[in-house]
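Input: a single structure, listed below in C-alpha cells.
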Amino acid sequence: MATISDVVLIHVDNKPGFYARIEEINPDVKPGWWQVRLLVFTFPLQVFTWILDEFQIEGAAFTMGGTPIRLEPVVSPLEEERLKQEQREQEQQKNLRREAGSSKVVSLLDRRKK
C-alpha cells in the first residue's frame with residue numbers, strides 16, 4: 001500500500017499522466033475513506049487532496065468525472081535490483097539447504113554401538 005512520502009504515478013484514462021508524492025493521509029469523515037494530500041510534480045508544483053478508500057490507495061482503479069484514474073507506486077530501479085538480488089540469494093540458500101538435507105549423514109555414535 002502506498003504511504004506517506006511514497007512517489008506514485010497517476011494514470012489518467014488508462015495512460016501515465018503525472019507523478020506525485022503522498023504528503024499526508026488523514027481519515028475522512030466517512031468511515032473507510034481517507035483524505036490523501038498529493039504534491040503533484042508539475043511546473044509550478046500543485047497540491048491536490050483526493051478522498052480515496054483503502055483499495056484506491058493500493059492501486060485499484062476509480063473514476064473522477066467519468067475519467068478512469070489509478071495510483072501506481074513508483075519503485076526506484078536501484079531498489080528493484082536490490083530486491084532481485086536478495087531473492088536470488090534466498091533461492092541459493094534454500095537450494096544449498098535442500099542439497100545438504102538430501103545427503104546421507106552417518107552417526108559415529110551409532111557406529112560405536114554396533
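Recomputing Rg and Dmax of the Cα atoms in Å from the coordinates shown identifies the correct label among (i) 13.3, 38; (ii) 15.1, 48; (iii) 24.6, 85 as (iii). Close lysine pairs were tallied over the chain: pairs 8 or more places apart or on different chains with Cα atoms under 24 Å apart number 4.
For the chain, the longest principal axis of the Cα atoms and the long axis of helix 77-102 meet at an angle of about 20 degrees.
Out of segment 1-74, which GluC sites (Glu not before Pro) are coil in DSSP terms and have no more than 11 other C-beta atoms within 10 Å? Hits after loop and neighbour filter: nothing returned. The equivalent ellipsoid that matches the C-alpha gyration tensor of segment 7-73 spans semi-axes of 18, 15, 10 angstrom, in descending order.
Ellipticity at 222 nm from helices only: DSSP H runs of n ≥ 4 in the chain, each -39500 (n - 2.57), divided by the residue count, give -10000 deg cm²/dmol.
Taken together, the values in this text are just the output of simple stated rules run on the coordinates, not laboratory data. This one's a predicted model, so the numbers in the text were calculated from it and none came from an experiment. Every residue, glycine among them, receives a Cβ derived from its backbone with ideal geometry; neighbour counts consider all protein chains shown.
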